[in-house]
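Every number in this text was worked out from the coordinates using simple rules, so none of it is lab data. Because the structure is predicted, anything quoted here is derived from the model rather than measured. Neighbour counts run over all protein chains shown; Cβ positions are idealised from the backbone, glycine included.
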Amino acid sequence: MPPLPFPAASALVGVLLDRLLGEPRRWHPLVGFGRLADAAERVFRAGAPGHAIGNRLRGLAAWSVIVVPCVVLAAWFAHPLLDALLLWLALGGRSLGEHARAVATPLAAGDLANLEIAREQVGRIVSRDTTQLDASGVATAAVESVLENGNDAVFGALFWFFVAGGAGAVLYRLANTLDAMWGYKDARRIHFGWAAARLDDVLNYVPARLTALTYALLGNTQNALACWRAQASAWSSPNAGPVMAAGAGALKVGVGGTAIYHGRDEQRPALGRGPAPCAADIPRAVALVERGQWLWLALFVLWSFARA
């Protein structure tokens, strides 16, 4: 059997490092990048919200100043081992599973004390208010987070690694991080974060639809495709809509509905088709993401052999 081509070998090593080690507990480069992003915002943003066009251009400039050099360096020093390490740092598959299981385990116990623990744990992975959620609400929030972050923490990074190696993974992860930091539509960042949000949408357009297709293929395909077609466009995010609609359909559960953000009820479109999620559906969502990750990796290995 011929040796594994370098791009596929780097991808395999990066995924295995994530599965074995997870995210670094200390000295994670993204922590330092987050501090750099905060400093860049203080330097570049003018007012809150400031001038609509001016702060959008300032946000684009800030994004370029802190992202482009990192991507250029990753491309300049490209090496199979470095690429593997960069993919490992860009992935968050193991961390996603750990956070989800930390919700599912106490929730499955079924008593009030453990429900409080589950509320606290799900509050670590979603931005909504979780203090008043019942068991079904906790499970729904967790399943939604796993499905959406399956794209953000796994498939998006893999896609851009397959396209452009370690530099692609760096570009995706840093853009996704800035969207999470600057992409809010609050008074402070509605203009300044516009470029970060739009660039993340562009980078996620293809990966999100491939993620939705992956969920459909590995779950209840007919239900997933039907939900994707009928429901995705109603969701506020053009990329999260297909991912979550197809994912919920694949699991045969219903998500969406009312959620509390910053003290206000927000009515979100219903996605999926089936009963509301329960504790047992959280590990099912994690398994769907993990099976998809191995499928993508296997297809990339086969493509690398065929190309070689």
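Annotations for the structure displayed:
- Nearest-0.05 FRET efficiency for PHE6 and ARG101, computed from C-beta distance (R0 45 Å): 0.85
- For the stretch 162-308, the mean projected area of the C-alpha convex hull, equal to one quarter of the hull surface, is 10.3 nm².
- From the largest down, the stretch 42-124 spans 52, 44, 16 angstrom on the principal axes of its Cα atoms.
- A Gaussian network model of the chain, with springs between Cα atoms under 10 Å, assigns the largest mean-square fluctuation among VAL43, VAL71, VAL289 to VAL43.
- Helix-only arithmetic for the chain: the sum of -39500 (n - 2.57) across DSSP H runs with n ≥ 4, divided by the residue total, places the mean residue ellipticity at 222 nm at -23500 deg cm²/dmol.
- Helix runs (DSSP H) in the chain reaching 24 Å along axis by Cα, Kyte-Doolittle at least 1.0: 52-76, 156-182
- Selection of trypsin sites (Lys or Arg not before Pro), the stretch 8-101, meeting DSSP coil and at most 10 other Cβ within 10 Å: ARG25, ARG26
- Taken along the Cα-to-beta-carbon direction at a fixed 7 Å, the label points for ALA308 and GLN267 span 5.7 nm.
- Average projection area in nm² (convex hull over Cα atoms of the stretch 58-213, one quarter of hull surface): 10.3
- Projected label points at ARG19 and ALA61, each 7 Å from Cα along the beta carbon direction, are separated by 4.7 nanometres.
- In nm, spacing of pseudo-spin labels at LEU82 and ALA226 (7 Å Cα→C-beta vector): 5.1
- Candidates ASN149, ASN176, ASN114, ranked by Gaussian network fluctuation over the chain, Cα under 10 Å, top entry: ASN114
- Residues of the stretch 86-103 with amide N under 12 Å of a point placed 7 Å along Cα→Cβ from HIS28: 89-99
- GNM flexibility winner over the chain from GLY165, GLY22, GLY274 (Cα, springs under 10 Å): GLY274
- Calculated P(r) of the chain - Cα pairs past 30 Å, %: 35
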